[in-house]
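Everything on this sheet refers to the single structure shown next.
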Amino acid sequence: FITKHSTEMLIVSIKKDADSKNSNKSFSESVIEELNNYKDAINALKDYKDYNTALAYLSLEYNQSAESILKVTPRSDKVHYLLAIVYARLGKETLSKSHFWRAVEINPSLKFRANLDPELSEIVSSED
């Protein structure tokens, strides 16, 4: 996961990933890896309302934009986790906790990952 605390991205060849029939990456994943800053990523991804676009918004602390995309994104552990961060930043503690614990229910290792995200580390420490 990428949050506001880890904003550097790897630069890779988008043409290779996007054009490769053997690529396991989506176009939007390739764009995020290719671009060296999130504003460029958002401009490139604005037509894609998916997890990666929300992640780029979240990385720039455009929390409400990230929320609007994540609310309509199919649920997964990663989507619940990002929603937990969004809601923590927006001061919606109950929603943040709910999404965090749903993410952990799906993927228990996320409980340990939360210690690296200040928005969520308090949730973990208050439950221990």
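Greater than 20 Å separation of Cα atoms is the criterion. Which listed pairs, Lys39/Lys78; Lys78/Lys111; Lys71/Lys97, meet it?
Lys39/Lys78
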Burial order of peptide ranges 64-76, 48-60, 83-95 (average beta-carbon count within 10 Å, highest first): 48-60, 83-95, 64-76
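Every number in this text was worked out from the coordinates using simple rules, so none of it is lab data. Because the structure is predicted, anything quoted here is derived from the model rather than measured. FYI the Cβ positions are ideal-geometry reconstructions off the backbone, even for glycines, and counts take in every protein chain you see.
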